[in-house]
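So the structure is just underneath, and the comments pick up after that.
The values are calculated or read from the model by the stated rules, or taken from the named source; none is laboratory data. What you see is a predicted model; the values in this text were computed from it and never measured. No Cβ is skipped: glycine too gets one built from the backbone with ideal geometry, and neighbour counts run over all protein chains shown.
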Amino acid sequence: MSSFTLITGASMGIGEAFVHEFAVQGHNLVLVARSVDKLQLLAEELRRERGIQVEVCVMDLNENGAAESVYAFCCKRNIHIDVLVNCAGVSWAGSFVDIGLQKIEELVMVNMMTTAKLVRLFVADMVVRKKGTLLNIASLGGLQGVPGLGLYSATKAFMITLTEALAIELQGTGVRAFVVCPGFIATTIFEHSGHNIKSIRLPLSTTEVFIKETIKALRKKQVRVFPTLLDRCLVISHRFFSRKMVVRLAGFFAGAEKK
Ligand SMILES: NC(=O)c1ccc[n+]([C@@H]2O[C@H](COP(=O)([O-])OP(=O)(O)OC[C@H]3O[C@@H](n4cnc5c(N)ncnc54)[C@H](OP(=O)(O)O)[C@@H]3O)[C@@H](O)[C@H]2O)c1
C-alpha cells in the first residue's frame, strides 16, 4: 500500500494551491474534480517536476454515490489516504427565496453530503492505521448566517460543527481534524455563483497568501484555522457586537444581496 494525500476541488483555486503545496512537501497525490483536462495537465506537470506519484480521479461530487466511488478508486489502486483535504465547494449568491431547487440540492450534496461521506470513509481507515490528517475547507461565512449567501453559509456552518465534534472524538487516535475558515480569496467561485466580486467590501486575499498563512496557522494545532490576520480580527470583532449586528455586517461585507 502507498500513502497519498487526497484533494477534492484540485482543478483550480484553493484546491489547486493545496495541490502545489503538498507536492512541494513531497506528498503523493490523488486529485479529484470534474475538469479532466486540467487535472491531467496538472498531474503530468507534478510527476515531471516533483517526481511524485499523482492519480487523477475525475468525479462529479454532486452525484449520488460519488464519495463511495472516490473511496473505491483508492482501494482498487491499493492507495491509503493519510491526508484528506475536502476543498471542493459551490456557492450561490442572492436572496434565498430566489434560489433554484436544483441549486439547493447541489450545495447540500457537494458541500455537505459528499464531504461528510468522504470524511466517514477515509477517516475511519486513518483511525485503524492510527495516523492521519483531515482538512475541511469551510469559510468565515460559516460562523454566522450571511445575508445573500444564506445556504452557502449554512453548509459551511455544517462543516465547522462536524469537524469540531470529530476533533474531540478523534483525540488519542493519532488522527487530527482541522477546519479552515478563510475570508475572501480571489478565485473563480464568485463568477460561478453569481456573486459580483466588485461588491465585496473587504480586501481579497490571493491563493498564495492563503496557503502560506494556512500552513503557518496549522502549526498552532487549533481545530478552527483562521488563516490571515484580517480573518482573526473579524472573528475577534464578533465579541463586541450583538449577534444580529454580526449577521448584518457579514452580509454588508459580502455584498452578495441582490438589490
Ligand atoms: N474563494 C473564497 O473566497 C473562499 C472563501 C472561503 C471558503 N472557500 C471555500 O474554498 C473551497 C474552494 O473554493 P475556490 O474559491 O477555490 O472555488 P473555485 O475556484 O470555484 O473551485 C472550486 C473547486 O471545486 C470543484 N468542484 C465544484 N463542484 C464540483 C463537483 N460537483 N464535483 C467535483 N468537483 C467540484 C471544482 O472543480 P471542477 O469544476 O473541475 O469540478 C474546483 O476545483 C470551497 O469549498 C469554498 O467554499 C472559498
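Here is how the numbers come out for the structure above:
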item	result
Considering residues of the range 191-210 that are closer than 21 Å to ALA17 by Cα and β-branched (Val, Ile, Thr) only, the residue farthest from the ligand (Cβ to nearest atom)	VAL209
Residue within the range 150-165 that is surrounded by fewer than 20 Cβ atoms within 10 Å (Cβ to Cβ) and farther than 24 Å from ILE185 by Cβ present	yes
Filter pass, VAL128 being more than 11 Å from the ligand (Cβ to nearest atom) and either assigned to a helix (DSSP H, G or I) or of a type in the set (D, E, K, R) (or both)	yes
Pairs where the first residue, in the range 88-106, is over 21 Å from ALA116 (Cα atoms) and the second is part of a helix (DSSP H, G or I), C-beta under 6 Å, 6+ apart	ALA93/SER193; PHE96/GLY150
Options THR163, THR188, THR155; residue that is modelled with pLDDT of 95 or more, farther than 23 Å from ALA67 by Cβ and either among the aromatic types (Phe, Trp, Tyr) or within 14 Å of the ligand (Cβ to nearest atom) (or both)	THR188
Every residue from the range 14-43 that is within 13 Å of the ligand (Cβ to nearest atom) and among the aromatic types (Phe, Trp, Tyr)	PHE18
Restricting the range 206-229 to residues that are surrounded by 17 or more Cβ atoms within 10 Å (Cβ to Cβ) and farther than 25 Å from VAL175 by Cβ, the residue that is modelled with the highest pLDDT	THR207
Failed item in (1) touching a strand residue (DSSP E or B) at 6+ places or on another chain (Cβ under 7 Å); (2) closer than 19 Å to TYR71 by Cβ; (3) surrounded by fewer than 18 Cβ atoms within 10 Å (Cβ to Cβ), with ALA177 passing the rest	(3)
Complete set of residues in the range 72-92 that are within 15 Å of the ligand (Cβ to nearest atom) and either polar (S, T, N, Q) or surrounded by fewer than 22 Cβ atoms within 10 Å (Cβ to Cβ) (or both)	PHE73, ASN86, VAL90, SER91
Scan of the range 195-245 for residues that are in a helix (DSSP H, G or I), touching a strand residue (DSSP E or B) at 6+ places or on another chain (Cβ under 9 Å) and without any contact (Cβ under 8 Å) to a residue 40 or more places away in the chain, ordered by number	VAL209, GLU213, THR214, ALA217
Failed condition for GLU106, given (1) closer than 28 Å to SER153 by Cβ; (2) touching a strand residue (DSSP E or B) at 6+ places or on another chain (Cβ under 9 Å); (3) near the ligand (Cβ under 10 Å from one of its atoms); (4) not in a loop (DSSP other than H, G, I, E, B)	(2)
Residues being more than 24 Å from GLU16 (Cβ to Cβ) and among the acidic types (Asp, Glu) - total across the range 211-238	0
